[in-house]
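The values are calculated or read from the model by the stated rules, or taken from the named source; none is laboratory data. The structure presented is a predicted model; accordingly, all values stated were derived computationally and were not measured. Glycine gets a Cβ as well: all are built from the backbone with ideal geometry, and neighbour counts include every protein chain shown. Calculation scope for accessible area: heavy atoms of the full protein, side chains included, ligands and nucleic acids excluded. Shrake-Rupley method; radii C 1.70, N 1.55, O 1.52, S 1.80 Å.
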Protein chains: 2
Amino acid sequence: MKVTIKDIAKKANVSVTTVSRVLNNKPDVGDQTRTKILKLIEELNYKPNSVARGLVMQKTHTIGLIIPDISNPFFPQVARAIEDKAQKSGYSIIFFNTDNHLEKEKKAVELFKSKQVDGLIVSLSLGNEEILKELKAANYPVVQIDRSVFSNSYPLVSIDNKNSAYQMVEYMLKKGYKKIAHITGDLKTTTARDRLAGYKKALNDYQVEINEDYIIKGDYTQQLAFEAMQTLLKLKEPPTAVFAANDLSAAGVYKALFAAGLNIPADIAVAGHDDIDIASLLRPELTTMRQPKYSLGEKAVSVLLKMIDNYEAEVEAQILKTKLVIRESV
Amino acid sequence: MKVTIKDIAKKANVSVTTVSRVLNNKPDVGDQTRTKILKLIEELNYKPNSVARGLVMQKTHTIGLIIPDISNPFFPQVARAIEDKAQKSGYSIIFFNTDNHLEKEKKAVELFKSKQVDGLIVSLSLGNEEILKELKAANYPVVQIDRSVFSNSYPLVSIDNKNSAYQMVEYMLKKGYKKIAHITGDLKTTTARDRLAGYKKALNDYQVEINEDYIIKGDYTQQLAFEAMQTLLKLKEPPTAVFAANDLSAAGVYKALFAAGLNIPADIAVAGHDDIDIASLLRPELTTMRQPKYSLGEKAVSVLLKMIDNYEAEVEAQILKTKLVIRESV
DNA sequence: CTGAAAGCGCTAACAG
DNA sequence: CTGTTAGCGCTTTCAG
């Protein structure tokens, strides 16, 4: 059967305490005893049961990750960074996909609490401020990633979405485009709202009137962006450029444009946001704003670990920089 | 502080045993007592500690997932399916990236054992048969996904890679291509070896001589495929078609071809494998073999759960079908 | 229908 | 330097 600390103790003729001491590299163990025990551990291939350890230590060395969808190309790199960083620090990652579904987000939090994870990295939807309030009241370590649903509660690791969108639209404006449409992201998220705000601000600052027909609601998916673009094309006066809220949406725009026999950027210019892998693979290559996806993940973990180690420590939001990546589509 | 079963018991003036009974929906509890306890649980917002439960039940309702890299576009969909299916069955997923690194794979297994996960879904590299043998000896529930490193030990959920590659090459052959090169995947994996075998077999069956210069070792990454294609182009007699071991490699091939000012498929035809999202986004759209990624993940979980529930149950390998997706690149 | 007692595997005072 | 004791939060006989 499974070998436990007792087995080691018995075979070594010592108490479990002593075994526990060598397991945890504590002093106060005779050299002879120590080596004897170490040998036994080796021989019997004993591995401490971390569930038992977790129970007494009140610490599981596990982090819960709550994201909308790991198969959305933005998240794998973030998740990879999170797992890398966690791995290095001796933590494991349990992940949970929510599809931005409020009920699933709640379920995830309950699950993680019952699993006694040491902290949470979350990307929630607007409407779930309650969750964070409760967590906060219980002093649970949490960091928000990508989007914030309740900014004053927990540190956020993200980018300045408004400014990032602004930069892109400004670039388009400076290129001479005036009829710029915007396909939004899921407006249940702060990121989508902020990008929309950035788009509007840029137009305002450059004295270009905002045309509500040019703002179509999307949800960050290719499919909806495809349909949005079709709507845009049916306009009396179609736009000459479109800023898609993310690259996946830009890909949907590409498809609609190709289907209509239009050329990018000659007929209509297209910009995206995020710089996911496919951006440089699209033809023409997509002009977009690069998010430091890997860094976001790393930072989130380091901020969280700081909170875990010392809840009182001052942990600040980390707003990383995006970068305009000029390629061929604008 | 955290509310425990004891707190509930105390407030309800009953023993913890009774509370435990209602927690687990056991009979033999008076209606009055039950409702009283239920009310208290609600009021105090009590959630059972699953670490403690896991310790006594010897069951954590957790599955360990060992994959090379979640940010490789093939895996997110698989991972999503795994998490979905697990979630539905009350299990959580801890994931671990190994980069096909033998040491990391070992570390992952050790970690998961110490965490007492109920089972493992693994995608390992050749050279780590030992791991599986040990696991097997300990009767640990494991299912291999995508690739097998030790076929007779544990069930494999995957596709018939040899046959799949064969189909693609056969299609190219029938299209009239004779000078077909192959950029392999990472030959530390069975998938890459099988695809290579399928490629060779197709050429043989169609009496096309195998030209070793046309077989370039890759590792499933875009970068190496890019370089491989450059090598191919320098050949005295460059190929007229190339079968890349996966779509990511095909993307690398695209880049090299574009850089050389060549047209696809006019100058050189390109085929991939897997049908990841970008395949239909590339221009020209990529002809490839579709892997049922989501199904692979689902099946892996259901096979594993069967093993967990009853280790003796006969669980068979699941070899799913791939599908030739003809688009524009061949 | 209910409770007392034991124990899952481990750590942590406290003695000696 | 080492062992005894208690206990983490929960489930499970076994009595009553």
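Descriptive notes on the structure:
- Across region B:5-48, the mean sequence separation of Cα contacts (distance under 8 Å, 6 or more residues apart), normalised by length, yields a relative contact order of 40 percent.
- Annotation: A:His61 carries an accessible surface of approximately 80 Å², with a 1.4 Å probe and no ligand, DNA or RNA atoms counted.
- Of the listed residues A:Tyr294, A:Tyr177, the order by accessible area with a 1.4 Å probe, largest first, is A:Tyr294, A:Tyr177.
- Most mobile listed residue (B:Ile276, B:Ile308, B:Ile41) in chain B, GNM with C-alpha springs under 10 Å: B:Ile41
- Under a model in which nothing but the beta-carbon of Lys, Arg (+1) and Asp, Glu (-1) is charged, chain B shows a dipole of about 1040 debye around its Cα centre.
- Largest first, the extents of the alpha carbon coordinates of region A:102-252 on the three principal axes equal 56, 29, 20 Å.
- Per-residue SASA entry for A:Met172, accessible area with 1.4 Å probe, Å² rounded to 10: 0
- The residue among A:Ala52, A:Gln144, A:Ile93 whose Cα reaches farthest toward the positive pole of the charge dipole of chain A, with charges on the beta-carbon of Lys, Arg, Asp and Glu, is A:Ala52.
- Anisotropy class of the protein assembly as shown from Cα gyration tensor, a/c 1.5 cut: oblate
- Our summary gives region A:239-307 a relative contact order of 29 percent, counting only alpha carbon pairs under 8 angstrom and 6 or more residues apart.
- Comparing B:Ser15, B:Thr35, B:Gln77 along the charge dipole axis of region B:1-82, the residue lying farthest to the positive side is B:Ser15, per the Cβ-charge model.
- Residue and distance for the chain B Cβ closest to the axis that moves B onto A, in whole Å, come to B:Arg283, 2.
- Whichever aspartates and glutamates have a C-alpha closer than 16 Å to that of B:Lys175, once near sequence neighbours (fewer than 8 apart) are set aside: B:Asp205, B:Asp267, B:Glu328
- Measuring with a 1.4 angstrom probe and ignoring ligands and nucleic acids, A:Lys36 comes out at about 90 Å² accessible.
- Ranked order, A:Arg34, A:Arg290 - accessible area, probe 1.4 Å, largest first: A:Arg290, A:Arg34
- Computed over chain B, relative contact order equals 16 percent, with contacts defined as Cα pairs under 8 Å that lie 6+ residues apart.
- Per residue solvent-accessible surface (Å²) - region B:70-194, probe of 1.4 Å: 33
- Greater than 20 Å apart at Cα, pairs in A:Lys162/A:Lys236; A:Lys104/B:Lys113; A:Lys10/A:Lys39; A:Lys2/B:Lys47: A:Lys162/A:Lys236; A:Lys104/B:Lys113; A:Lys2/B:Lys47
- Residue range of chain A that is longest and free of GluC sites (Glu not before Pro) which are both DSSP loop and sparsely packed (at most 10 other C-beta within 10 Å): A:1-208
- Each Lys or Arg adds one and each Asp or Glu subtracts one; over the other residues with Cβ under 13 Å from the Cβ of B:Ser329, this totals -1.
- Summing charges over neighbours of A:Ile82, with a neighbour being any other residue whose Cβ is under 13 Å away from its Cβ, gives +1 when K and R count +1 and D and E count -1.
- Cα centroid separation, region A:130-154 to region B:87-124: 29 Å.
- Average beta-carbon neighbours from other chains, 10 Å sphere, peptide B:53-61: 3
- Carbon/sulfur fraction of accessible area - region B:16-83, other protein chains in place, 1.4 Å, %: 50
- Net charge dipole size for region A:159-199 [Lys, Arg +1 and Asp, Glu -1 on Cβ; Debye, nearest 20]: 200
- For region A:5-48: rounded, prolate or oblate by the Cα gyration tensor [a/c cutoff 1.5]: rounded
- Pairwise FRET efficiency - A:Asn152 versus A:Lys175, Cβ, R0 = 41 Å, nearest 0.05: 0.60
- Charge dipole (debye, nearest 20) of the protein assembly as shown; +1 at Cβ of Lys and Arg, -1 at Cβ of Asp and Glu: 1520
- Environment charge at A:Ala250 (Cβ cut-off 12 Å; Lys +1, Arg +1, Asp -1, Glu -1): -2
- For A:Thr231 and A:Ala317, a Förster radius of 41 Å and the Cβ-Cβ distance give a FRET efficiency of 0.65, rounded to the nearest 0.05.
- Length gained on full extension, B:Asp7 to B:Tyr294, computed as 0.36 nm times the residue gap minus the Cα-Cα distance: 98.9 nm.
- Span-like helix criteria (full DSSP H runs; alpha carbon extent of at least 15 Å along the helix axis; mean Kyte-Doolittle hydropathy of at least 0.0) are satisfied in chain A by A:222-234, A:247-259, A:293-309.
- Paramagnetic label zone (point 7 Å from Cα along Cα-to-C-beta, B:Ala260; backbone N under 19 Å) in region B:176-191: B:177-185
- Antiparallel beta bridges, as assigned by DSSP with both residues in chain B, represent about 10 percent of the total such bridges.
- Selected from B:Ala279, B:Ser249, B:Leu232, residue furthest toward positive end of dipole (region B:229-289; charges at beta carbon): B:Leu232
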